[in-house]
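Some notes on the structure that comes next.
The values are calculated or read from the model by the stated rules, or taken from the named source; none is laboratory data. Only a predicted model underlies this, so the values are computations on that prediction, with no experimental measurement involved. Note that we place each Cβ from the backbone using ideal geometry, even for glycine, and neighbour counts take in every protein chain shown.
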């Protein structure tokens, strides 16, 4: 499991809280040191005028490695993933602008 509760997109300066997290995969929770777990999360914006983002992929490595989240916080892409930084209870991402 992961121990952060918020996601901050530094590109848009939008902050979300994680409303739902569901472990993906049929094998259950991976506890292997070199392994990791894929979650599908829902993000609720702190600004009530903004829309939630549903079904975002989030990969959390068990020991070594960097957490990854769906690029652009876009659930429709499913891939690729981008690296993220954990600071306290916040996952910090820099989502790229689409051209």
**Item:** Residue identified as on the phi < 0 side of the Ramachandran plot, at pLDDT 90 or above and surrounded by fewer than 13 Cβ atoms within 10 Å (Cβ to Cβ) among 46, 27
**Value:** 46
**Prompt:** For segment 60-99, how many residues meet the condition of being under 17 Å from residue 24 (Cβ atoms), surrounded by fewer than 18 Cβ atoms within 10 Å (Cβ to Cβ) and modelled with pLDDT of 90 or more?
**Reply:** 1
**Request:** List every residue pair whose Cβ atoms lie under 7 Å apart, where the two residues are 6 or more positions apart in sequence or sit on different chains, the first residue falls within segment 15-37 and is touching a residue at least 12 places away in the same chain (Cβ under 8 Å), and the second residue, located anywhere, is assigned to a loop (DSSP other than H, G, I, E, B) and surrounded by fewer than 10 Cβ atoms within 10 Å (Cβ to Cβ).
**Result:** 33/63
**Asked** How many residues, within segment 44-88, are in contact with a helix residue (DSSP H, G or I) (Cβ under 7 Å, 6 or more places away or on another chain), in contact (Cβ under 8 Å) with a residue 12 or more places away in the chain and either within 19 Å of residue 22 (Cα to Cα) or part of a loop (DSSP other than H, G, I, E, B) (or both)?
**Response** 3
